[in-house]
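Report on one structure; see the data block that follows.
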Amino acid sequence: MTITAILDSFELGLIYAILALGVFLSFRTLNTPDLTVDGSIVTGAAASAILCSTGHSPLVALLASFILASLAGAVTALLNIKLKIEPLLAGILVMLALYSLNLRLMGSRSNIALTQSNTLYKSFHAAVQSNYSSLILGIIILSIATLSLYFFLNTRLGFALRATGDNEYMVRASGVNSNLMKLLGLSLSNGFVGLAGGLLAQYQSYSDVQMGVGMVVIGLASVIVGETIFELFTKTVPLLIRLLAVSVGAILYRLALAFALSCGMPATDLKLISAVIVAIALSTGVMKDSFLKKKISFTSNSIKPAKDGESYDMH
Amino acid sequence: MICIEHLYKIFGYGTVNEKLALQDVSLTMHPGEFITIIGSNGAGKSTLMNCLSGVEKTDHGNIFLNDINITKYPEHKRSRYIGRVFQDPMKGTAFDMTIEQNLAIAYNKDKFRGLQKGISKKEKAFFRERLSLLGMGLEDRMTQKVKLLSGGQRQALTLFMAILVNPKLLLLDEHTAALDPATAKKVLDLTDQFANSKDLCTMMITHNMSDALRHGTRTILMDSGRIIMDISGEEREKMTVEKLIEQFEIQNDRMLLK
Ligand SMILES: Nc1ncnc2c1ncn2[C@@H]1O[C@H](COP(=O)(O)OP(=O)(O)OP(=O)(O)O)[C@@H](O)[C@H]1O
Ligand SMILES: [Mg+2]
């Protein structure tokens, strides 16, 4: 693998980490499988691309990405709350609807190139004049995103949101409108996803209406890979570390993908490779369990002789 | 004061499974009163509590809390005045959050939830001091996750959370049923301690008839969605489990066994 490929993986991983934070918020914090992601990430990219290409500030474009995508999340939440549609199905419905809406947003073009337009990455590169400008920018944005999410989850409102994912009965018994929390949570989650989409468009100078396929799976894989790695070291992982783990997972995913490509897999097999990586990531949970079981049976075996007699100490 | 007027609740209206779970239930509770509720399975005890807490919508009748008609209030809005402990120890707490975080959520029941700190230093100190009243050593485990607690500890914590902000009404639905006898006794003792407050109304469902007569100030018996007995004072003091069974031909095995 070349240095450039590794650098690219890190740069992309930092963006995908924001997507993974959004997925963490819905799948983990709210305990709701939300498939809106595959659509809302394109919404974010489309909003960003259309605004950048029409000469608007890249930062304003990112704000629009966040807001429009969070609206998509709000619709999913409302379908669930008001019409009692299962979250999984509600997400799929919105994802489907977004395909058309994203095309409209992009002016009926299936892709928009930003090669001629100003993006955050370009202006930052012009400002710092470094080969690592994209990396630095990614770290800055991801840090802001992670820290704001961390602080939010530790506010009174954040507590109520987290508890909603844990136990709705308790939350309602504590005077919290659990439906409002779901609405807030899914909006915020998709907001993060949209932000990732917006950044992706500006990083690649390109937005494509098809780019969302499989994004939710990638996000989920990042969450699980990160969790699995950190849970090997400690049993109770503090919240901030859990959020950081998500980013580690996202970067590892990109590295694995780059590695597969460098081994000679054609780029058209990218989605296949993604699926395989995700399947491996998902199975780490099972593998960890069997690993732990082995550990336990091993220790219980080694306890036996000690119980039987003093001879154990002699060895 | 809590006033229940002609409450009706029908499940599955118009279907083959139509069930009149509450029929014309009226009840007035005065502050300081502690009502124990008994009755066979399916008598409507839980339904009555669920109608009070807003989990279930009523089909007819009104519920007043201090002269405010709360019949149409959603569940979360009523929760500001109502504390609850469920039968299932898993239902009362957020398991993946710490003890102090759970307490903070319960403590902010009637406050605005915005971007303030989830839990302040002052609150932590306050919780710590109050938790020691439970005598379970939970005050030294405030930063541990609730999922590490035993069922009894969770019920005690849930009970504590329920009374933390001085509710007007405390609803306990068989809250000791899932606990072993010693722990159940401990939680019942705590219940007595907390319910002994001048302006709190307490309602406790139990299948243990001697507990029902020993705890509280008033006992009601429900059957097929109606209140068929309502005793307090001297009449209640003279009541025994044997008399209850004789008088009401209670045939519930689960009740007789105890
Ligand atoms: N959600 C529901 N849908 C349909 N029927 C219900 C529902 N909840 C309760 N019922 C019915 O209403 C009746 C009263 O139930 P309820 O749970 O109030 O009884 P209970 O007195 O609490 O009994 P138990 O001692 O078994 O807890 C029962 O016949 C029950 O089957
Ligand atoms: Mg019941």
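The values are calculated or read from the model by the stated rules, or taken from the named source; none is laboratory data. Predicted, not measured: the structure shown is a model, and the values here were computed from it. Because the Cβ atoms are built from the backbone with ideal geometry, glycine has one as well, and the counts that use them run over all protein chains shown.
Annotations for the structure displayed:
- Residues (surrounded by 21 or more Cβ atoms within 10 Å (Cβ to Cβ) and within 15 Å of ligand 2 (Cβ to nearest atom)) located in the stretch B:197-239: B:MET203, B:MET204, B:ILE205, B:THR206, B:ASN208, B:ALA212, B:ILE220, B:LEU221, B:MET222, B:GLY225
- When the stretch B:12-39 is filtered for residues that are in contact (Cβ under 8 Å) with a residue 24 or more places away in the chain and within 7 Å of ligand 1 (Cβ to nearest atom), the ones remaining, listed by number, are B:ALA21, B:GLY39.
- Residue tally, condition facing another protein chain (nearest Cβ under 7 Å) and of a type in the set (S, T, N, Q), over the stretch B:60-97: 2
- Test: residue in the stretch A:156-174 that is away from chain B (no Cβ under 14 Å) and either part of a helix (DSSP H, G or I) or over 19 Å from the mean Cα position of the chain (by Cα) (or both): no
- Top-ranked residue of the stretch B:40-65 - restricted to ones that are more than 13 Å from B:ILE2 (Cβ to Cβ) and surrounded by fewer than 16 Cβ atoms within 10 Å (Cβ to Cβ), ranked as farthest from ligand 1 (Cβ to nearest atom): B:HIS60
- Number of the exception - B:ALA177 against (1) surrounded by 22 or more Cβ atoms within 10 Å (Cβ to Cβ); (2) under 23 Å from B:SER53 (Cβ atoms): (1)
- Matching residues, the stretch B:98-127, being under 19 Å from B:ARG78 (Cα atoms), more than 7 Å from chain A (Cβ to nearest Cβ) and surrounded by fewer than 22 Cβ atoms within 10 Å (Cβ to Cβ): B:TYR107, B:LYS111, B:PHE112
- Of the criteria (1) more than 16 Å from ligand 2 (Cβ to nearest atom); (2) within 14 Å of chain A (Cβ to nearest Cβ); (3) assigned to a loop (DSSP other than H, G, I, E, B); (4) under 18 Å from the mean Cα position of the chain (by Cα), which one B:GLY32 fails: (2)
- Scanning the stretch A:12-35 for residues that are under 10 Å from A:LEU142 (Cα atoms) and of a type in the set (Ser, Thr, Tyr) yields one hit, A:TYR16.
- Flag for B:GLN193 being modelled with pLDDT under 90 and either exposed (fewer than 14 other Cβ atoms within 10 Å of the Cβ) or touching a His at 6+ places or on another chain (Cβ under 6 Å) (or both): no
- Among the numbered conditions (1) touching a residue at least 12 places away in the same chain (Cβ under 8 Å); (2) closer than 23 Å to A:ALA173 by Cα; (3) away from ligand 2 (no atom under 16 Å from the Cβ), the only one that B:LYS57 does not meet is (1).
- Residue match in the stretch B:66-84 (condition: within 16 Å of ligand 2 (Cβ to nearest atom), closer than 26 Å to B:GLN155 by Cβ and crowded, with 23+ Cβ neighbours inside 10 Å): yes
- Some residue of the stretch B:135-147 being within 14 Å of another protein chain (Cβ to nearest Cβ), basic (Lys, Arg) and not in a loop (DSSP other than H, G, I, E, B): yes
- Helices (runs of 4 or more DSSP H) enclosed by the stretch A:1-113 - at least 1 residues per element that are farther than 17 Å from A:LEU200 by Cβ and not polar (S, T, N, Q): A:3-23, A:58-83, A:87-105
- Selected residue [among the β-branched types (Val, Ile, Thr) and within 16 Å of ligand 2 (Cβ to nearest atom)] from B:VAL16, B:VAL25: B:VAL25
- Answer from A:VAL225, A:VAL213, A:VAL217, A:VAL209 - the residue that is out of contact with any Pro (no Cβ under 9 Å at 6 or more places or on another chain) and more than 26 Å from A:ALA49 (Cα to Cα): A:VAL225
- Counting only helices (runs of 4 or more DSSP H) that sit completely within the stretch B:149-224, those holding 2 or more residues that are away from ligand 1 (no atom under 16 Å from the Cβ) and within 19 Å of B:THR93 (Cβ to Cβ) correspond to B:151-163, B:181-195.
- If you check B:THR71, B:THR93 for being closer than 16 Å to A:PHE159 by Cα and at pLDDT 95 or above, only one passes: B:THR93.
- Residue check, B:LYS57 outside any helix (DSSP H, G or I) and facing chain A (nearest Cβ under 10 Å): no
- Pairs where the first residue, in the stretch A:99-124, is of a type in the set (A, V, I, L, M, F, W, C) and the second is surrounded by fewer than 17 Cβ atoms within 10 Å (Cβ to Cβ), C-beta under 6 Å, 6+ apart: A:ALA113/A:TYR206
- Any chance A:GLY198 is over 13 Å from the mean Cα position of the chain (by Cα) and either within 30 Å of A:HIS56 (Cα to Cα) or within 14 Å of another protein chain (Cβ to nearest Cβ) (or both): yes
Okay, residues lined up against (1) over 17 Å from the mean Cα position of the chain (by Cα); (2) among the aliphatic types (A, V, I, L, M):
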{"site": "B:HIS76", "(1), (2)": "no, no"}
{"site": "B:LYS91", "(1), (2)": "no, no"}
{"site": "B:ILE99", "(1), (2)": "yes, yes"}
{"site": "B:ALA104", "(1), (2)": "yes, yes"}
{"site": "B:TYR107", "(1), (2)": "yes, no"}
{"site": "B:ILE119", "(1), (2)": "yes, yes"}
{"site": "B:ARG128", "(1), (2)": "yes, no"}
